[in-house]
1. Can you name every one of the strands (runs of 3 or more DSSP E) wholly within the range 148-193 that holds 2 or more residues which are touching a Lys or Arg at 6+ places or on another chain (Cβ under 8 Å) and surrounded by 14 or more Cβ atoms within 10 Å (Cβ to Cβ)?
2. Taking the range 292-340 as the search range and keeping residues that are surrounded by fewer than 18 Cβ atoms within 10 Å (Cβ to Cβ), among the acidic types (Asp, Glu) and more than 19 Å from Thr252 (Cα to Cα), which one is modelled with the highest pLDDT?
3. (1) in contact (Cβ under 8 Å) with a residue 60 or more places away in the chain; (2) part of a loop (DSSP other than H, G, I, E, B); (3) over 18 Å from Val65 (Cβ atoms): which one isn't true of Ala287, the others all being true?
4. Which residue pairs have Cβ atoms under 9 Å apart, sit 6 or more places apart or on different chains, and have a first residue in the range 316-328 that is touching a residue at least 40 places away in the same chain (Cβ under 8 Å) and a second that is aromatic (Phe, Trp, Tyr) and part of a loop (DSSP other than H, G, I, E, B)?
5. Is it fair to say Leu78 is among the aliphatic types (A, V, I, L, M) and crowded, with 17+ Cβ neighbours inside 10 Å?
6. For the range 80-108, enumerate the residues that are assigned to a helix (DSSP H, G or I), closer than 23 Å to Val280 by Cβ and of a type outside the set (A, V, I, L, M, F, W, C).
7. Given the options Thr268, Thr286, Thr259, Thr272, name the one that is over 17 Å from Gln228 (Cα atoms), polar (S, T, N, Q) and surrounded by 19 or more Cβ atoms within 10 Å (Cβ to Cβ).
8. Being assigned to a loop (DSSP other than H, G, I, E, B), of a type outside the set (Val, Ile, Thr) and without any contact (Cβ under 8 Å) to a residue 40 or more places away in the chain is the requirement here; does Glu262 meet it?
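The values are calculated or read from the model by the stated rules, or taken from the named source; none is laboratory data. Worth saying up front: this structure is predicted, and the values here are computed from it rather than measured. Neighbour counts run over all protein chains shown; Cβ positions are idealised from the backbone, glycine included.
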Amino acid sequence: MRYLTRPQLVSLISRAYLSCDRHLCNNAFALYQNSRIPPSTHYPHLPAASNAAQPGKLYLSFLGVTTLYLDDGQTRILIDGFFSRPSKWQILTQKIEPDKARITAALKRASIAKLDAVIAVHSHYDHAMDSPEVALQTGASVCGSESTANISRGWGLPENRIQTIKHGSQVNIGGFEFLFINADHAPTGMTGGVIPNPLKPPVRFSDYKEGQSYSLIIRHSGKAMLLQGSAGFQENQLAGQKVDIALLGIGTLGQQPQTFKEQYWQQTVGLTQPRLVIPVHWDDFTAPLAESMPPIPWPFDDFGKSIDFLLARSAAEHRTLKMLPLLQRVDIYSALEPDA
């Protein structure tokens, strides 16, 4: 395969931009992606559950970004619930809003009919934009920051189905306990800001301000998981929070300096001491949801560098690192067994 160099890619994208040729721009990104960035299938994955759901099991499904479906047979929780996934061209040139048809199709594909809650880890569009529409389609409530609450209000979710949380909030739903701990977003240059009033789409993607980001400690059946929805941290906020599994957001981590990568690892994995580390928020969230999705492309990230760093640190500390299969159920606690 003939590789496309970065200068060639920049030249091609510049010509595409100047000519307003979105197809040329998309093809340039795809060519670089396919020739330079390893697919997620290159790395070890947890096995999908091979049989029907069994009582007493906790199943986790990865649906892209940090959209995670948790189902113990009695209670069903969706983290974020982002399915619209507007294209790069739409994000840059148009106002956006939840795509009801895409959301309906994604929920059906994931076998999600009814939810008890949708929990947003922060309020950027790739996390919280679809949350209220998912709630409307599944009968759920939305739980998140005041900014997430204003996204929900703007989309018409009834007030009695909106739960606003803050640092230290503990939310119990069925057999689940969720602890919200303030966190910082990955340093992307597009962080901060709040949504002070109900947000009524369609709006620009940049109108979905971060609000407050959270680290989420999820406890169930005597075990605990950390969900770090973005590759950022607040120093020592996770001290004393021991978990079995860490779900680490790694979007843009590959573009960060080595010192930041080391700090991120120490402030998440180092403080919580999980046995199993699982990367999330690595996929190109401007691509449609599918069983095989490309990672976030250069120049926005370097997926290979991120995973290689995590693999090296995991091996050095005798931890296991595995990817989640897309759109498939995983018996997540069985993943802690030595031969998983």
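1. 176-183
2. Ranking the qualifying residues of the range 292-340, first place goes to Glu317.
3. (3)
4. Leu321/Tyr43; Lys322/Tyr43; Met323/Tyr43; Met323/Trp282
5. Answer is yes for this residue.
6. Those that are assigned to a helix (DSSP H, G or I), closer than 23 Å to Val280 by Cβ and of a type outside the set (A, V, I, L, M, F, W, C): Lys88, Arg102, Lys108.
7. The conditions single out Thr286.
8. no
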